[in-house]
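The structure appears right after this line, and notes come after that.
Any read-out appearing in this document is the output of simple, stated calculations on the displayed coordinates, not a laboratory observation. Bear in mind that the values here come from a model prediction, so they are computed numbers and not experimental data. Glycine also receives a Cβ, built like all others from the backbone with ideal geometry; neighbour counts cover every protein chain displayed.
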Amino acid sequence: MSNISPTLLDQIQEMNVNEKLELMVFLANSIKNNQQKMINISEKKGSLSRFIGTGKGCYLTPKDADNFIRQERDKWDY
């Protein structure tokens, strides 16, 4: 809780029970909404395994593919 400002903590301490309950409901809904957004993003991205086989035919031989990858790696800055 060290990242929460002391002023905010003081304000929470001064709240009555109903206000604290409202805050808890608000925070719970906020967390739930953020989790759902992350699930939706994850579902949209899907698994990388869906790309297996999609490049078939891009290179005449496996050696051509290896040569291309080797050339690209040679361009990298180390």
A chain fully extended from Gln71 to Lys45 at 0.36 nm per residue, minus the present Cα-Cα distance, gains in nm 6.5 nm
Within the chain: Cβ-based charge dipole about Cα centre, in debye rounded to nearest 20 (Lys, Arg +1; Asp, Glu -1): 580
Given 25 °C, 0.890 mPa s and a Kirkwood radius over Cα pairs, the Stokes-Einstein diffusion coefficient of region 1-43 in µm²/s is 202
Computed over the chain, the Cα gyration tensor eigenvalues, each multiplied by 5 and square-rooted, give semi-axes in Å (largest first) of 55, 19, 5
